[in-house]
Ligand code: ADP
């Protein structure tokens, strides 16, 4: 109302006063003529401004520097304000959409939005990976057409959808297990959330196998010991040699269980260490000497054993772990080399790396077993390993120690010819020479038959 008074009545009043003055001065005809002239000028100005406004609205442009007067300034000003506000709102929406797309792309979970006919409306990159699809090409395609799986189609159709569904399939050459969940978005749209549980299932399988293996390993010695205890408790008089044999079997079975428990504990300790091994210098020469003595003791003179080490190097690491890993390799060489065979322990430098190698002329290992040797409880010949007191954990321990020392275990073997197990230590973990052990140089090649 205020604006009406200001702009319309104000202008009308001014025109009337002006025309009255003209009438009084020049006569009523001039007064009416001037009034008509003012009205025509006002109508022309309003028409021009309406045209300008129309042009701006249709082509979204006003002439540069155009300054309409009166109420039109306010109209244009308001429209400019509205336009600016709309632009800001659009920018905010664009930013929000970009943020949403970034978040969607970063999500480890897959998200697919589908309509009531299961057609894909949108999905994030994880969902593309999980289902082996590409949004660009597959937008609008039916998901159940792309993923031909009867149970999956049933799951999508069931109303209300069960809480979750496990889909196992091969995508681009890889086996995937996906846990799916449908979330209703609206009458027409649903969101399918996928979670890759492949690794979780594998870990669970490894855990189950591990428990089954430990139980299996303990069951046999426990049954033997339990059976003999029953025999002893029955009180039947056993002759002295049988009594001795029973006790000695009980002792060896108890020893086997003890070895198994000790190796399990040592493996679990190694697996729970996340920090790298300490970098305390462990001189190689005395370590090799100790391993050489151990090999001779285990072999009981049945093998030709040689130790080649003329180095003053040290390995930067944990002495107890390195000794445990290297002695596992030496024990295996003695265990899997028939009497009369040859075993060589060696420390050498290769392109800056230090290599501890145990070479034997033993039974060897077929190529298909090599990749699995460091798995817990994996044995090529279960009976032979047991007979010789093996637990199936030795190489798993060696692998853990190697990882802990940024090192690698390399295995080369040929059935019937022998094997070489090499523990490769990177140059960063080789310490400076120790003159104190230079005496080893005088007698670098030790051998024993
Ligand atoms: P085990 O306690 O049975 O020796 P390991 O983990 O030390 O367990 O070794 C796993 C398997 O690898 C052994 O059971 C054996 O079949 C094979 N193996 C290890 N070292 C040798 C070797 N030097 N020669 C032949 N086979 C070997």
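Since every read-out is calculated from the coordinates, none of them should be taken as a lab result. All values reported here derive from a predicted model rather than from experimental measurement. A quick note on method: Cβ atoms are made from the backbone with ideal geometry, for glycine too, and the neighbour counts reach across all protein chains shown.
Table for the structure above
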quantity: Beta bridges per DSSP with both ends in the chain, % antiparallel, nearest 5; calculated: 90 percent
quantity: Contour excess over end-to-end distance, with Cα ends at residue 274 and residue 323 and 0.36 nm allotted per residue; calculated: 15.7 nm
quantity: Cα-based helix-to-principal-axis angle, 28-59 vs the chain, degrees rounded to 10; calculated: 20 degrees
quantity: Residue order, fewest to most surrounding Cβ atoms within 10 angstrom, among 195, 149; calculated: 149, 195
quantity: Sorted by Cβ neighbour density within 10 Å, fewest at the top, the residues 399, 342, 84; calculated: 84, 342, 399
quantity: Rounded to 10°, Cα long-axis angle of helix 70-106 versus longest principal axis of the chain; calculated: 10 degrees
quantity: Rounded FRET efficiency, nearest 0.05, which uses the C-beta distance separating residue 136 from residue 163 and R0 of 35 Å; calculated: 0.65
quantity: Cα gyration tensor category, rounded, prolate or oblate, for region 107-196 with a/c compared to 1.5; calculated: rounded
quantity: Cα shape, the chain, gyration tensor, a/c 1.5 rule; calculated: prolate
quantity: Point-to-point label distance, residue 245-residue 348, nm (Cα→Cβ direction, 7 Å offset); calculated: 4.8 nm
quantity: Estimated distance in nm for a label pair at residue 94 and residue 109, the labels positioned 7 Å out from Cα along Cα-to-Cβ; calculated: 3.1 nm
quantity: Mean separation of Cα contacts under 8 Å, 6 or more apart, over the residue count of region 158-277: relative contact order %; calculated: 14 percent
quantity: Computed E for residue 171/residue 39 - FRET, C-beta separation, R0 56 angstrom, nearest 0.05; calculated: 0.10
quantity: Extension gain, residue 2 back to residue 74 (0.36 nm per residue minus Cα-Cα distance, nm); calculated: 24.5 nm
quantity: Computed lengthening from residue 205 to residue 145, 0.36 nm per intervening residue step minus Cα-Cα distance; calculated: 18.4 nm
quantity: Cα→Cβ-extended label distance, 7 Å offset, between residue 257 and residue 121, nm; calculated: 6.4 nm
quantity: Rounded tilt (10° steps) of 319-335 against the dominant C-alpha axis of the chain; calculated: 60 degrees
quantity: Centre separation in Å (Cα based) which lies between region 267-320 and region 86-158; calculated: 56 Å
quantity: Residue order, fewest to most beta carbons within 10 Å, for 92, 136, 408; calculated: 136, 92, 408
